[in-house]
Amino acid sequence: MARPYPPGARLLARPDAVRPCAGCGAPLGRGYPACATCADTVDAYWRADWEALRGGEDDRDLAATVLGEVAGVYPWTCTDWALRLVPCPACRAELGTGDPGCVTCSRADQARWAWDHTGMPAAMTPNEHALRVAVAVLRAAERRRGSVVAFWRLTLPFLLVGDTFTTAQARRIRVLLLAGRAEELADARGYAAMTSIPDLPWRG
Ligand SMILES: [Zn+2]
Ligand SMILES: [Zn+2]
């Protein structure tokens, strides 16, 4: 398929505001994927694209077709969904999420980013890219550093409503996380509020 690559995650409208999750009480999305309500809400954007592509075809057959193509031929959401439907032949986990030592999972996870790391295609906004990374990281949390997982968990509810952080905001949030300010960050209502948390702790 010629460029631009097909868009993903655009069939459903995003929520218009961050609200508490009826399941876990956190801002909706922050409980991903352990909280079923958070997971269903976030995954709906992936599932909608998959169902539109699938038609009447068998899930596993279509997953094999999608994963047999280079990344970018199908919507990125469908590549991600196909990975979920195929167990890793080496470690049996969801493909790309298995034990940190599983090379087959590492290869599958890397392949899906092949095109969107080479420059932002017109078919994917920075918000969509960040949302994709957040979901991939949270589904394979044991493969990532704790501070990385915490960063994406914090930011996912705001990504879900379409907000995109700047590079400077991301850097500031990461610094605050490393400084042990996770609780204050979790209470903040958006990236601007997160990044305006002052340097000095109250007990200064
Ligand atoms: Zn929840
Ligand atoms: Zn594996």
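The values are calculated or read from the model by the stated rules, or taken from the named source; none is laboratory data. Computed from a predicted structure; not experimentally measured. All accessible areas refer to the heavy atoms of the entire protein, side chains included, with ligands and DNA or RNA removed. Shrake-Rupley method; radii C 1.70, N 1.55, O 1.52, S 1.80 Å.
Data for the structure
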{"quantity": "Within the chain, helix-based [θ] at 222 nm, where runs of 4 or more DSSP H residues each add -39,500 (n - 2.57), nearest 500", "calculated": "-15000 deg cm²/dmol"}
{"quantity": "Average accessible surface area per residue within the chain, 1.4 Å rolling probe, Å²", "calculated": "49 Å²"}
{"quantity": "Within the accessible area of the range 36-143 (1.4 Å probe), percent carbon and sulfur", "calculated": "53 percent"}
{"quantity": "Rounded accessible area of Glu57 (nearest 10 Å², 1.4 Å probe)", "calculated": "80 Å²"}
{"quantity": "Helix 146-160 axis, angle to the chain major axis (alpha carbon atoms, nearest 10°)", "calculated": "80 degrees"}
